[in-house]
Amino acid sequence: MIGFIVKRVGHTLLVLFCVATVAFFIVRLAGDPVQQMLPPEATIEQERALRASLGFDRPLLDQYVSYMTGLLGLDFGQSVFFHRPAFEVIMERLPLTIDLAVAAMAFTLIVSIPAGIVAAVRRGSATDTSVMASVLVGQSTPAFWVGILLILIFAVNLQWLPASGTGSPAHLVLPAITLGLYSAAMIARLLRSSLIDVLGEDYIRTARAKGLSGFKAVTAHGLRNASLPVVTVVGLEVGSLLGGAILTEQVFSWPGIGRLTVEAITYRDYPLMQATVLFLAAVFVIVNLVVDLSYALLDPRVRLS
Amino acid sequence: MSVRELPTRRDLFKLGGLAAAALSLGACASTKPSTGGQGAAATALRVSLASDATTLDPHKQGDLPSMNVLINVFDTLTVRDTSDQLVGGLAERWESKDDKTWRFHLRENVTFHNGEPCDAAAVAYSIERLIDPATQSPIVELRLVTGAKVIDPHTVDLVTKEPDPILPAKLSLFGGVIVPPKYIKEKGDEFFAEHPVGTGPFTFEQWQRDSQITLKANPKYWNGRPSVEQLTFKVMPDPSSSLAALQSGELDVVTGLTPDAAQQLGDAPGFKVVTSPGVRTFFVSLDTEEGPLKDKRVRQALNHALDVDTLIKSVLNGAAERTPTLIPKQAFGFDASVQPFQHDVAKAKSLLAEAGHAGGFSLKLSSSTADKDIAQAISGQLAEVGVKAEVSLLDPATFKGRLVSDNRKALGEMYFVGNSGWTMDASSNLQSFVRHDRRQSRWNNPEADKLIDTEEQSVDPDTRQEAFTALQKLMIEESPFLYLYQASILYAVSDRVQWKTNANGTLAMATAKLAGS
């Protein structure tokens, strides 16, 4: 098991190193922050002077080496537009992104698990059909449309909830539903199909035969075995929720990592773009690592192979 | 980020239109505007910002969102008032001492929010700090200023290396902000950028990044205490969300509306949409150095082919005014006697035939995705005279990158572009597009170069006006651009607000009044 963990962590670090390198070079293909900072009427001399004072006129390799050395000390460089350390800027947005991700995940699980179980147990019934129809709608409506619709109904017409912004738990409700809807639909569908497979297994019939109630057989024996693929997907969804939901954050003016990423790209803020890309990659890779390790715990076959 | 999160900005705007339509339905249902979702005080004014301020250090920003907040905390030496006149700010009056010196006489007894006096030394410090390369300022207007000299505690001279006739106008926004020397020296640049102290009508209260900025009325403001007690800028990047917030009573002012959104929002009860004249001019730059556009008859023909009035009516819902050249009508230098091109398809066709292009030709018309509709409409009108302009859309940041790149052909034969010219002097409108050695110029005309030199280097208004008049005539004759319009500023305000912006569309809220306050 230790060997498995060490190998996995090594992979993770290697991936992050590669991401940092790719991010460094790729952001430089997108254009220059100095061009975005200055108005079009700036003279060439003014542009050169600003570029030099920001250090972007140094040889690329030189910049790369100082960037990588900085990373070792968790120094992501100074954001060009915010005039502050990029790491600090990201950390400032992180709590709100976590709030939103946790709320969205809570919504996802509360809705998807009962829906998935009911649909699987009553397979083929009207209930199943209506759950599956809802799932289809949930999976195929884009977040920005759902968001605007929810704002219209609950903020503009009914005036029950705030239209956007942050500050109270009420502010969290609409963005969490918007963000969680897709995951909820996907997980309900996955749980349904996985549970249907499991419910056909011999051991469920045995459980029933030895006198267990239908509910108990499904939850105690069925759900545990059907949970493996679901755990993987839930893990990856956590990564994607933490990675920032660009559109949801945009629609609800939620100041999280997603919007920061958009800002960094709009401004072509090299250090901040590098830092957000690396951050997103790190979240995914670490969540993946945790999922892999928990898989190994849940299913011994994984660590043996 | 999962795949579902990735539709383009364009899709978002398209949906914005749909949402705005739905919103107007919604507005009918909820006719009573609430006084504010969170129990806002009667004298609290809430204004939307499309993006957050990048920094609150006025010398380190060059973007309108930051400036819109800062203009309420700081003062500038001169001010462009709501009737677009250049009036005194921290400087009561000014005069040109000689070609290269402007003298400013400062208002007395003005203090910063921390009690520090705002005197000639503070002005000199601010100017020197701005032009110091170590400040890394993106503000470029003061490029000719070499320094500031304190004459007495209330008089200061700004010295330029070449004559700068419009320096006072350039000091009405970005470059003219005065900052407190002692405070910055004591607390440091970083602290100042988070806790700004100015002389302005509002004092800084709190900044929740990417969410909101709160300011409080400055009771000791030299120009009288603002009637609004609290001013909050709420960051709302999505246009349809900010309109929804206006309708649900969470916002009082939403600026930067698109013509589409404004029209669909209509005049629902509780708020109104205001159309106010702006100075941002839009035009198409032509590559006059090669290809069919080298021939001025072709360039004239394309101008005749355009029906600008129809473009304004159908694409912009009337929220613009035709400009004969690149100069808005409020700017110094504008000559009303210069007539715009007449829409005349027959004449356009005969000019094209004369130039040997009777069968038409094809070229590329680049624009930012934000201007997609107008670019496509232009392409459609050009097609009527046989010119096939293929529209190439670029995201705004890429577009700007190419616009300012060293390669003047980076955007192809034609590109649609806007130019703000907030100094309201024609010099700013022509500055980087006309003289052959300027960054965005694609026109080499010695006579135009000479006229630019005259208006840029003379401080005599009559000489400058003559040069501008000649330039406008020359620009019509030579047609190095397709001339279009100056866009109006569209914003929505709740009925409880009385406020007016100037032609620059800045959000100076010192004069805003709330019903009942």
With respect to B:VAL159, determine if the residue is within 14 Å of chain A (Cβ to nearest Cβ) and under 26 Å from A:LEU38 (Cα atoms). no
Which pairs turn up if I take residues in segment B:424-435 that are over 14 Å from B:ALA470 (Cα atoms) and look for partners that are aromatic (Phe, Trp, Tyr) with beta carbon separation below 6 Å, at least 6 apart in sequence or on another chain? B:ASP425/B:PHE332
Can you find a residue that is out of contact with any strand residue (DSSP E or B) (no Cβ under 7 Å at 6 or more places or on another chain), surrounded by 19 or more Cβ atoms within 10 Å (Cβ to Cβ) and in a loop (DSSP other than H, G, I, E, B) anywhere in segment B:349-361? yes
State whether the residues of segment B:456-469 include one that is small (Gly, Ala, Ser), surrounded by fewer than 21 Cβ atoms within 10 Å (Cβ to Cβ) and without any contact (Cβ under 8 Å) to a residue 24 or more places away in the chain. no
Check every one of the strands (runs of 3 or more DSSP E) wholly within segment B:400-517 and list those with 2 or more residues that are out of contact with any Lys or Arg (no Cβ under 9 Å at 6 or more places or on another chain). B:414-419, B:489-494
Boolean, A:VAL34 is surrounded by 12 or more Cβ atoms within 10 Å (Cβ to Cβ) and either touching a Leu at 6+ places or on another chain (Cβ under 8 Å) or away from chain B (no Cβ under 11 Å) (or both): yes
Can you tell me which residue is modelled with the lowest pLDDT among those in segment A:187-231 that are exposed (fewer than 14 other Cβ atoms within 10 Å of the Cβ) and among the basic types (Lys, Arg)? A:LYS216
Scan B:ALA319, B:ALA305, B:ALA301 and give me the residue that is within 25 Å of B:ALA503 (Cβ to Cβ) and either surrounded by 19 or more Cβ atoms within 10 Å (Cβ to Cβ) or in contact with a strand residue (DSSP E or B) (Cβ under 8 Å, 6 or more places away or on another chain) (or both). B:ALA319
Options B:ASP260, B:ASP252, B:ASP238; residue that is of a type in the set (Asp, Glu), out of contact with any Gly (no Cβ under 7 Å at 6 or more places or on another chain) and modelled with pLDDT under 85: B:ASP238
Those residues of segment A:112-147 which are without any contact (Cβ under 8 Å) to a residue 40 or more places away in the chain, within 13 Å of chain B (Cβ to nearest Cβ) and among the small types (Gly, Ala, Ser) amount to A:SER140
Would you please name the residue that is modelled with the lowest pLDDT, looking only at residues in segment A:1-40 that are touching a helix residue (DSSP H, G or I) at 6+ places or on another chain (Cβ under 6 Å) and among the small types (Gly, Ala, Ser)? A:GLY31
Restricting to segment A:266-304, count the residues that are more than 22 Å from A:GLY165 (Cα to Cα), assigned to a helix (DSSP H, G or I) and within 9 Å of chain B (Cβ to nearest Cβ). 2
Go through segment B:50-143 and tell me which strands (runs of 3 or more DSSP E), entirely inside it, have 1 or more residues that are out of contact with any strand residue (DSSP E or B) (no Cβ under 9 Å at 6 or more places or on another chain). B:91-98
Among the numbered conditions (1) charged (D, E, K, R); (2) at pLDDT below 85; (3) not in a loop (DSSP other than H, G, I, E, B), tell me where B:ARG297 comes up short. (2)
Qualifying positions in segment A:1-49 - under 14 Å from B:ASP406 (Cα atoms) and of a type in the set (Lys, Arg): A:ARG48
Cross-chain or 6+ apart pairs with Cβ under 7 Å, segment B:336-347 first and on the phi < 0 side of the Ramachandran plot, then part of a loop (DSSP other than H, G, I, E, B): B:VAL338/B:PRO324; B:VAL338/B:THR325; B:GLN339/B:PRO324; B:PRO340/B:PRO324; B:HIS343/B:LEU306; B:HIS343/B:ASP307; B:VAL345/B:GLU384; B:VAL345/B:VAL385
Condition test on B:PHE341, is it within 24 Å of B:THR423 (Cα to Cα), modelled with pLDDT of 95 or more and not in a helix (DSSP H, G or I)? no
Of (1) touching a helix residue (DSSP H, G or I) at 6+ places or on another chain (Cβ under 9 Å); (2) modelled with pLDDT of 85 or more, B:PHE13 satisfies all except one. Which? (2)
Among the residues in segment A:72-93, are any more than 14 Å from chain B (Cβ to nearest Cβ) and more than 25 Å from B:PHE191 (Cα to Cα)? yes
Look through segment A:46-68, keep the residues that are touching a Lys or Arg at 6+ places or on another chain (Cβ under 8 Å) and without any contact (Cβ under 8 Å) to a residue 12 or more places away in the chain, and return whichever of them is surrounded by the fewest Cβ atoms within 10 Å (Cβ to Cβ). A:ASP57
Might you let me know whether segment B:197-211 holds any residue that is of a type in the set (Gly, Ala, Ser), buried (at least 23 other Cβ atoms within 10 Å of the Cβ) and within 24 Å of the chain's Cα centre (by Cα)? yes
A careful count of residues in segment B:375-432 that are hydroxyl-bearing (Ser, Thr, Tyr), under 17 Å from the mean Cα position of the chain (by Cα) and farther than 30 Å from B:PRO165 by Cα gives 0
Out of all the residues in segment B:379-416, which are in contact (Cβ under 8 Å) with a residue 40 or more places away in the chain and facing chain A (nearest Cβ under 8 Å)? none
Scanning segment B:223-281 residue by residue, the ones that are charged (D, E, K, R) and in contact with a helix residue (DSSP H, G or I) (Cβ under 9 Å, 6 or more places away or on another chain) total 5
Whichever residue in segment B:229-271 is under 15 Å from B:VAL497 (Cα atoms) and in a helix (DSSP H, G or I) and, among such residues, is farthest from the other protein chains (Cβ to nearest Cβ): B:LEU246
Taking segment A:247-257 and keeping only residues that are more than 7 Å from chain B (Cβ to nearest Cβ) and either over 13 Å from A:ASP99 (Cβ atoms) or in a helix (DSSP H, G or I) (or both), one is left with A:THR248, A:GLU249, A:ILE257
Give me the residue from segment A:164-178 that is in contact (Cβ under 8 Å) with a residue 24 or more places away in the chain and facing another protein chain (nearest Cβ under 9 Å) and, out of that set, farthest from A:LEU247 (Cα to Cα). A:THR166
Do we have B:LEU482 as touching a helix residue (DSSP H, G or I) at 6+ places or on another chain (Cβ under 8 Å), among the aliphatic types (A, V, I, L, M), buried (at least 21 other Cβ atoms within 10 Å of the Cβ) and assigned by the TED database to the domain that holds B:ARG297 here? yes
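The values are calculated or read from the model by the stated rules, or taken from the named source; none is laboratory data. The structure presented is a predicted model; accordingly, all values stated were derived computationally and were not measured. For neighbour counting, all protein chains shown are included, and Cβ atoms are generated from backbone atoms with ideal geometry for every residue, glycine included.
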